[in-house]
Amino acid sequence: PPPPPPPPPPPPPPPPPGVGVALGDMAKGALPIGIALLLWDRPEAMAAWIGAVAGHVWPVLRRFRGGKGMATAGGGGLVLDPVIGLICVVVFFGMVRLTRVAALGSLSVGVVYPVLALVLGWPGPEVVVAAVVMGVMAMRHHGNIVRLVRGTERKLRET
């Protein structure tokens, strides 16, 4: 008789904790901007970006206590300018890989995105919107900044 078939391969490992939440938060930023770009022009998309991030950071139904806005701002930023968005993805993960501190990745993106928007010739008002959106995200990282200065910010586990 022929030998029995080999056992099936093990299932892939589950994604790290928080990946689903991060993807959902990115969609909260990407979808309104994508829809605004389909229906209207960039000024309306920029307004949608502000609204998406503000709604995430200060949600009415959660008594204005929301998240830090990084993934929502990032999802919107990817749709508004995929080149800048992808550069920022590399900056974020590069910084996290170097330092194992997620907040440093987020704060780096908060600087890089509006600077690249300026360098790449975005109109002035759009650069201001990018700076405001990233500034709000940076403000929400106040506790992380304090811990970074004190040297007490937690590092991510090595995998």
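Taken together, the values in this text are just the output of simple stated rules run on the coordinates, not laboratory data. Just so we're clear, the structure is a prediction, and the values are computed from it rather than from any experiment. A quick note on method: Cβ atoms are made from the backbone with ideal geometry, for glycine too, and the neighbour counts reach across all protein chains shown.
Per-residue Cβ neighbour counts within 10 Å put VAL133, VAL53 in the sequence VAL133, VAL53, beginning with the fewest. The packing ranking, built from the mean of other Cβ atoms within 10 Å per residue, places the peptides 15-27, 60-72 in the order 60-72, 15-27, highest first. Beyond 18 Å, the tail of the calculated P(r) for the range 1-66 holds 59 percent of the Cα pairs.
If a helix is a whole DSSP H run, which ones in the chain reach 20 Å or further along their own axis (Cα) and hold a mean Kyte-Doolittle hydropathy of at least -0.5? Before the final figure, lay out each step's value.
Details: long enough: 19-39 (30 Å, 1.66); 42-57 (22 Å, 0.58); 82-99 (25 Å, 2.22); 102-119 (25 Å, 2.02); 124-139 (22 Å, 1.90).
Span-like helices, by this rule, are 19-39, 42-57, 82-99, 102-119, 124-139.
Once divided by 2.2 N^0.38 Å, the Cα radius of gyration of the chain becomes 1.26.
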